[in-house]
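The values are calculated or read from the model by the stated rules, or taken from the named source; none is laboratory data. What you see is a predicted model, and the numbers here were worked out from it, not measured in a lab. All Cβ positions, even for glycine, are placed from backbone atoms using ideal geometry, and neighbour counts span all protein chains on display.
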Amino acid sequence: MEFSYDDEQNGLREAVRGLLERAYGDSEQRRSVVATEPGFDEKTWSRLAEMGVLGLPFAEADGGMGAGPVEVSVVAEEIGRVLAPEPFVEAVVLAGGLVADLGTDAQRTEVLGGLAEGVLVPTFAHAEIGTRWEPVARSVTATRDGDGWTLTGVKEPVPNGARADVLVVSAVTEGATRLFLVPGDAAGLTRTGHRNHDGTRSARVEFADTPAQLLGEDTGDRTATIEKAQARARVAYGHEALGAMETALTTTAEYLKARKQFGVPLSRFQALTFRAADMYVALELARSTVMWATLVVDADGDVVAAADRARLQVSRAGRHIGKEAIQLHGGIGVTAEYSVGHYTSRLTALDHLLGDGDWALSRLAASVDAHPTVDPLA
Amino acid sequence: MRLHLSPEDAAFRDQLRTFFTTSVPQSIRDAVAAHRELTREQFVEAQQVLNAAGLAVPHWPVEWGGRDWTPLQRHIWREEMQLAGVPEPLAFNTSMIGPVIATFGSQEQKERFLPATANLDIWWCQGFSEPDAGSDLASLRTTAVRDGDDWVVNGQKTWTTLGQHADWIFCLVRTDPTAEKKQRGISLLLFPMDTPGVTLRPIELLDGGFEVNEVFFSDVRVPHELLVGEENRGWDYAKFLLGNERVGIARIGSTKRMLAEAKEHARQITVAGAPLAEDPYLRARIAELENELLALELTALRVVANSADGKPHPASSVLKLRGSELQQAATELLVDVAGPLSVASFAADGSDVPEWAQVATPSYLNYRKVSIYGGSNEVQRTIIAGSILGL
Ligand SMILES: Cc1cc2nc3c(=O)[nH]c(=O)nc-3n(C[C@H](O)[C@H](O)[C@H](O)COP(=O)(O)OP(=O)(O)OC[C@H]3O[C@@H](n4cnc5c(N)ncnc54)[C@H](O)[C@@H]3O)c2cc1C
């Protein structure tokens, strides 16, 4: 087993870090970007495209870079480190990933090519009110309409649902969950966007006999594909969370050294330094698990189980680090002017986007009898 | 980045797995698995089997029996031993004093002690802690005063693990009470436990066992050539030794074995008509512990993979802290699985209470020690906060 990045991966990290530092190195810049629509910076998005980041995991024939999950993880971590609001995981890993898995040649060229060039932002419209983190659609239905299909129902919350140029939509038909492509300007499509607590955007997306194109050629049930794409995104979100947790911890450590009370820096109080030490422990254990899960994705192993394991570890660590970061800052931690609370907000969102720790735990609990011991090298 | 072991490391692991499960007597491995106290003879026999195969001191210099393995191979070696229930080579010998003598000892000391230490022909014990010198080890007060060719030692040590089995003790003593920093006036002496003036008093622990002792020194004469390295430099050797003590202290293989055991037992117990193993809360607790242990194992692998250039990985301090917590959590789980049977810990012969349930609570109580010794968890947090976070 090997956990080090090669020179090329380190180069990618440096490049992305440089770009994002310029954009969000000062947390005021992020505040002003997330205060205006579409909630991220179109210029930064274009620069990420120029750098090849938005086509990273896709085949070169589809306009991508032909890189793998390790490179994706490097980018996601940098996104998390400065809380860049650009929807990298949502567009590239999740929506793009589904198109890469299933799309026809023409669909891949259009969607992935456009995404890689930075001219087309896709999103995955999947969540429905009353369900949680399942790979199936229940209330949005698809109906055959001549050669094509129409969709009816509501998806909510859809990440960047108002801004997205194309939606990958899950819908139920003939008892199966299938995937469709719907352009943002399709007839019978109503999108109502709003701002989330972490500065990102979501939307309510309503379909009323909206024309849709089947993603891919055949009409099989797509539950397994969705589950796997979600698992890959869970792992990528794990890296985003690692970046965020690391910044939250270093910010907190710096603050403990700088802030004086009772005539001494806070770092003189062992009750506080020990809590910082425990934050570090949680971060490193989460890092190990998420890195491992990325390697499982890379090797195309049991991706779903590995993602659950990473999810559980990151969920516990993210909550712990996020809450402690605020507490150790005291009052300033809960202000909007100061960055640390925003990290906690984002970590909380990441925790709930594709399944939280308790959810992962209950899935893992169902399988404890299937193995005597857990062997990461198996 | 790479997921799997290289083919060479995988073959290495298989080879060790086979050796440990076939060449070390089953009765000894059963005793470890059952958390039974091992006899001195069992420890010695197991270590001699390993030593004969070149597996007792692989981390020593090659000249003295080392194998020049990578940190990853050493990790695999240790984990496979624990998984197989093989008693690890006595840490006092192989992780602590052996490497110190090999690094700082005189040629004569090396020749005299290293082969016997590797083969457990000499059983060493560690005389560091004192009643008033625990976490603050440098405040120790046992003195050694030079008298001709000898040192004369007076004072008291405590918590001396398995001192009752020991042939020799390696002992920190104060040789310069006037030194400006208390760390500076300390030296490391070696002497036989049967030297006149040494007395040992066993301390009974919570589980009823006697694994630690108080040791008293009254005018104990130790020849000068049994001083290790330089006079007044003992603190440096102690730090070197304690650094080694923390390696492998995460004991992941052993915790894995305990979790597997807990699952197995939970299948045999019925609660309201269904196996305890199906209780959702218990399953969740096991799944969470398995995941924590996975995270720790992966961290250990990261640490060994990245310490190849000699520098320890900063995350290594996580291993002792979290490793001890998970060992303790696993023993607690076994108590809870045993449930009402866990109360009958010293059941009489002929009892139907299974052995694992009888030992569950005593070993839970005994394992309270793992977050105290080898640098308490508070000391580990101090290290993380200070040297990693700069606080
Ligand atoms: C089973 C067992 C076997 C042992 N075997 C040996 C052996 O073979 N040889 C040997 O030399 N020693 C041995 N020890 C001793 C062991 O190393 C000490 O117990 C340990 O260093 C702690 O010292 P103490 O018990 O005096 O506790 P103290 O140092 O008095 O600590 C009491 C509590 O206060 C905490 N504490 C202390 N200082 C601080 C601080 N600055 N900040 C925060 N918290 C602090 C500690 O973590 C602990 O929780 C053994 C101990 C046990 C329990």
* Structure fact -> Counted residues in region B:349-380 being within 13 Å of the ligand (Cβ to nearest atom) and either among the hydrophobic types (A, V, I, L, M, F, W, C) or at pLDDT 95 or above (or both) come to 4
* Look through region B:195-208, keep the residues that are surrounded by 15 or more Cβ atoms within 10 Å (Cβ to Cβ) and within 16 Å of the ligand (Cβ to nearest atom), and return whichever of them is nearest to residue B:359 (Cα to Cα). => B:207
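Report whether or not residue A:6 is loosely packed, with under 13 Cβ neighbours inside 10 Å and not small (Gly, Ala, Ser). Lay out the reasoning, then the answer.
Details: loosely packed, with under 13 Cβ neighbours inside 10 Å: yes; not small (Gly, Ala, Ser): yes.
Here the answer is yes, as residue A:6 does meet what is asked.
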* Structure fact -> Filtering region B:333-353 down to residues that are surrounded by 15 or more Cβ atoms within 10 Å (Cβ to Cβ) and part of a loop (DSSP other than H, G, I, E, B) yields B:344, B:345, B:347, B:353
* To do: Specify which of the listed residues (B:283, B:221, B:257) is more than 16 Å from the ligand (Cβ to nearest atom) and not in a helix (DSSP H, G or I).
  => B:221
* **Residue pairs meeting the criteria (Cβ under 7 Å; at least 6 apart or on separate chains; first outside the structural domain of residue B:206 (by TED's automatic domain parsing) and surrounded by 21 or more Cβ atoms within 10 Å (Cβ to Cβ), in region B:357-382; second aromatic (Phe, Trp, Tyr) and assigned to a helix (DSSP H, G or I))** => B:381/A:274
* Structure fact -> Apart from one, (1) hydrophobic (A, V, I, L, M, F, W, C); (2) away from the ligand (no atom under 11 Å from the Cβ); (3) closer than 26 Å to residue A:279 by Cβ; (4) without any contact (Cβ under 8 Å) to a residue 24 or more places away in the chain all hold for residue B:341; the odd one out is (3)
* Name the one entry in A:239, A:197 that is modelled with pLDDT under 95 and not in a strand (DSSP E or B). => A:197
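Any residue that is within 9 Å of chain B (Cβ to nearest Cβ), more than 21 Å from residue A:246 (Cα to Cα) and crowded, with 21+ Cβ neighbours inside 10 Å - is there at least one of those in region A:295-305? Give the derivation first.
Applying the first criterion (within 9 Å of chain B (Cβ to nearest Cβ)) to region A:295-305 yields A:295-296, A:298-299, A:301.
Still in the running and more than 21 Å from residue A:246 (Cα to Cα): A:296, A:298-299, A:301.
Applying the additional criterion that residues be crowded, with 21+ Cβ neighbours inside 10 Å yields A:296.
Within region A:295-305 (the criterion being within 9 Å of chain B (Cβ to nearest Cβ), more than 21 Å from residue A:246 (Cα to Cα) and crowded, with 21+ Cβ neighbours inside 10 Å), the answer is yes, since at least one residue qualifies.
Output the residues belonging to region A:189-226 that are of a type in the set (Gly, Ala, Ser), closer than 27 Å to residue A:40 by Cβ and out of contact with any helix residue (DSSP H, G or I) (no Cβ under 9 Å at 6 or more places or on another chain).
Answer for region A:189-226, where residues must be of a type in the set (Gly, Ala, Ser), closer than 27 Å to residue A:40 by Cβ and out of contact with any helix residue (DSSP H, G or I) (no Cβ under 9 Å at 6 or more places or on another chain): A:193, A:202, A:203, A:212.
For region A:12-46, how many residues are farther than 17 Å from residue A:81 by Cβ and either polar (S, T, N, Q) or part of a helix (DSSP H, G or I) (or both)? If you could, list the steps in order and put the result at the bottom.
Taking region A:12-46 first, the residues farther than 17 Å from residue A:81 by Cβ are A:32, A:35-39, A:42-43, A:45-46.
Now narrow it down to the ones that are either polar (S, T, N, Q) or part of a helix (DSSP H, G or I) (or both): A:32, A:35-36, A:42-43, A:45-46.
Residues meeting the conditions: 7.
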* Whichever residue in region B:381-391 is part of a loop (DSSP other than H, G, I, E, B) and more than 15 Å from the ligand (Cβ to nearest atom) and, among such residues, is farthest from residue B:318 (Cα to Cα) -> B:390
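For region B:209-235, what are the residues that are surrounded by fewer than 16 Cβ atoms within 10 Å (Cβ to Cβ) and among the charged types (D, E, K, R)?
Residues satisfying the conditions are B:219, B:221, B:225, B:230.
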* To do: Please go through region A:6-23 and pick out each residue that is touching a residue at least 40 places away in the same chain (Cβ under 8 Å), under 24 Å from residue A:163 (Cβ atoms) and more than 18 Å from the chain's Cα centre (by Cα).
  => A:23
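Here's the yes/no breakdown for (1) more than 15 Å from residue A:89 (Cα to Cα); (2) in contact with a strand residue (DSSP E or B) (Cβ under 9 Å, 6 or more places away or on another chain):
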site: A:110; (1), (2): yes, yes
site: A:117; (1), (2): yes, no
site: A:131; (1), (2): yes, no
site: A:140; (1), (2): yes, yes
site: A:149; (1), (2): yes, yes
site: A:153; (1), (2): yes, yes
site: A:158; (1), (2): no, yes
* To do: Please work out which residue is nearest to residue B:197 (Cα to Cα), limiting yourself to region B:224-246 and to residues that are part of a loop (DSSP other than H, G, I, E, B) and among the acidic types (Asp, Glu).
  => B:231
* Would you confirm whether any residue within region B:144-163 is within 16 Å of the ligand (Cβ to nearest atom), within 14 Å of another protein chain (Cβ to nearest Cβ), surrounded by fewer than 22 Cβ atoms within 10 Å (Cβ to Cβ) and not in a helix (DSSP H, G or I)? => no
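If you check residue A:134 against the conditions, is it assigned to a loop (DSSP other than H, G, I, E, B), under 18 Å from the mean Cα position of the chain (by Cα) and of a type in the set (Asp, Glu)?
Details: assigned to a loop (DSSP other than H, G, I, E, B): yes; under 18 Å from the mean Cα position of the chain (by Cα): yes; of a type in the set (Asp, Glu): yes.
Yes: the conditions hold for residue A:134.
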* Structure fact -> Residue hits (region B:252-289; under 16 Å from residue B:354 (Cα atoms) and either within 8 Å of chain A (Cβ to nearest Cβ) or free of Cβ contacts under 8 Å to residues at least 40 places away in the same chain (or both)) are B:263, B:264, B:267, B:268, B:270
